[in-house]
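Comments concern the structure below.
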Amino acid sequence: MTERAARLERPSVVIVVPAVLALAAGLWDLGGPPPWRDEAATVSAVGRTLPQLAHLLWSVDAVHGLYYALTHVVAGLSGTAEVALRIPSVVAGALAAAGTGAIGRALGAPRAGLYGGVLLALMPIFSRYVQEARPYALTAAAAVGVTLLFLRVLRSPTSAVLAAYAAALTVLAYLNLFALLVVGAHGIALMLSRGPLLRWACAATPALAAVAPLAWLGSRQSAQVGWIPRPAADDVGRLAVQLFGDLGGATGPGVAPPTWALAFFGLAYAAVVGVRRARAARRMEEPAEERAPEHAPEPAAERAGAPAALVRLTLPWLLVPALVLLAASWTVQPVYVFRYVFCCVPAAALLAGAGLAALPPGLAAAVLTAWLGLSVPGQLATRGPDGRQDDPRPVMALLAAEAQPGDGVLFVPAKVRKYETVYPSVFGRLRDVALARSPEQDGSFPGRQVGARVLAARLDGLRTLWVVGQTGKKVLPARRRALVARTFAPAGRWTFRGLFVDRYVLRHAHRSNGAGVGK
């Protein structure tokens, strides 16, 4: 082994370099991506008192309860500004990248771990979830940590290790219930490795039992995933792109094609090494006089079977959770959303890292440099106004500039009211004419709405009414539209990414001047 290669395999390099890169990428323009509707839910949840938060979780979002509890502590220390609430995800991203390097090292493939951790840290899809106040970066870090403990179970299944593995599985599931599918991937990897199946089952079973209450409560709240559509063919194609690092949008060629190529090369390299090892084993069984002349010894990684061990671990981790969710979505109920399987991206990074590690160091550095160049458009896109499903900032700028104190506001649907907690200075000046009971009192995100008679009374006396809604709900419900039409005339519509704003004015005060039509 050359001195340069030896330096790349030092623990301080394999673990620290990916962590530092992930931290730098996560902190880069952390306030740039606009807060979208799910982050607004986080702000709404963690800004409540603990009894109010418990009331909320009993009716909705119980599956995110652990994340909300952790973030509630952060909000108490640093407030609910989006950058402050995103910091835990950035830290989790650094831990996930470091753990990816540690997995490679634990498998006897430190360079594969180093390259895999670097690829993971700099993938645009990784930045997408590391830079938001949601639990998915923490879930990825937990999945990496659980997998490191799983490798300890394979090597030394002591009672302490099994207990730690069971506890880590429980935490993983309480961060994201669907992430518990990683345990199925571990089971397959364990059988392929001929590991201690019974002891592993003794650790996994209590973890499953500990998660059962959450699964029961989540099943009672299944309406919160009722919006998920049945996956189509293009969703499967987008999954293949996202698992291997890209956003799945129009950001140029991206990193997915070269990451696929590296992963397939890593698989092919592992197959070649496996064939060589099998032949070497057969030669060792032959009588000494019948053996072929000895060749130069294989590299240490090949002697240890590191490539094959890495494939046995990463392929099930990469495929099982996604395939199970897709199968359930096609046969039972749609539950597949990419962020639910985001915790599998480190497996793809490790496979691609194995492909890079199989190249000569100089060539690997050149390929990695080209890969980094292809990642730039995706990195910029995820930090821009199109980086999230919604872009509320132009909506708030419009209302701040045009709405007058005392104007009315209606939300379509009511859950858009979550943005009141993100932008209190904007909505605090307006009258929420449809609100009967606040979200905090109601134990929900939208709160409770008034009936038609009360709404009509609240509309009386208003000169201007603003309707803020999601672009999938472009008009008011029929009864409310009729109430508004009695007194108000439309005076403008503005459409932004994921959101729209309608302006209505009193009919006798309306002057049609052709203005107010947005982009």
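The values are calculated or read from the model by the stated rules, or taken from the named source; none is laboratory data. Just so you know, these numbers come straight off a predicted model, no measurement behind them. As a convention, Cβ positions derive from the backbone with ideal geometry for all residues, glycine included, and neighbour counts pool all protein chains shown. Only protein heavy atoms, including side chains, enter the accessible area calculation; ligands, DNA and RNA are left aside. Shrake-Rupley method; radii C 1.70, N 1.55, O 1.52, S 1.80 Å.
Quick notes on this structure:
- With respect to being in a helix (DSSP H, G or I), surrounded by fewer than 19 Cβ atoms within 10 Å (Cβ to Cβ) and at pLDDT below 95, residue 481 fits the description.
- Counting the residues of region 400-439 that are farther than 18 Å from residue 498 by Cβ and of a type in the set (A, V, I, L, M, F, W, C) gives 8.
- Test result for residue 174, open to solvent by 60 Å² or more (accessible area, probe 1.4 Å), farther than 20 Å from residue 351 by Cα, at pLDDT 95 or above and aromatic (Phe, Trp, Tyr): yes
- Counting only helices (runs of 4 or more DSSP H) that sit completely within region 96-182, those holding 1 or more residues that are of a type in the set (Lys, Arg) correspond to 110-122, 124-130, 136-155.
- Whichever residue in region 137-162 is touching a Pro at 6+ places or on another chain (Cβ under 9 Å) and over 22 Å from residue 121 (Cβ atoms) and, among such residues, is most open to solvent (accessible area, probe 1.4 Å): 154
- Of the residues contained in region 382-390, one or more are found to be touching a strand residue (DSSP E or B) at 6+ places or on another chain (Cβ under 6 Å) and in contact (Cβ under 8 Å) with a residue 24 or more places away in the chain.
- Counting the residues of region 66-95 that are open to solvent by 10 Å² or more (accessible area, probe 1.4 Å) and part of a helix (DSSP H, G or I) gives 18.
- Criterion (basic (Lys, Arg) and crowded, with 17+ Cβ neighbours inside 10 Å) met by exactly one of 230, 238, 276: 238
- Qualifying positions in region 369-385 - open to solvent by 30 Å² or more (accessible area, probe 1.4 Å) and of a type outside the set (Val, Ile, Thr): 370, 372, 373, 374, 377, 380, 381, 385
- A count restricted to region 68-91 and to residues that are of a type in the set (Ser, Thr, Tyr), closer than 21 Å to residue 420 by Cα and in contact (Cβ under 8 Å) with a residue 12 or more places away in the chain stands at 3.
- Against the test of being surrounded by 19 or more Cβ atoms within 10 Å (Cβ to Cβ), more than 30 Å from the chain's Cα centre (by Cα) and under 28 Å from residue 79 (Cα atoms), the options 416, 422, 426, 409 yield a single qualifying residue, 409.
- Scanning region 437-473 for residues that are open to solvent by 20 Å² or more (accessible area, probe 1.4 Å), in contact with a Gly (Cβ under 8 Å, 6 or more places away or on another chain) and among the hydrophobic types (A, V, I, L, M, F, W, C) returns no hits.
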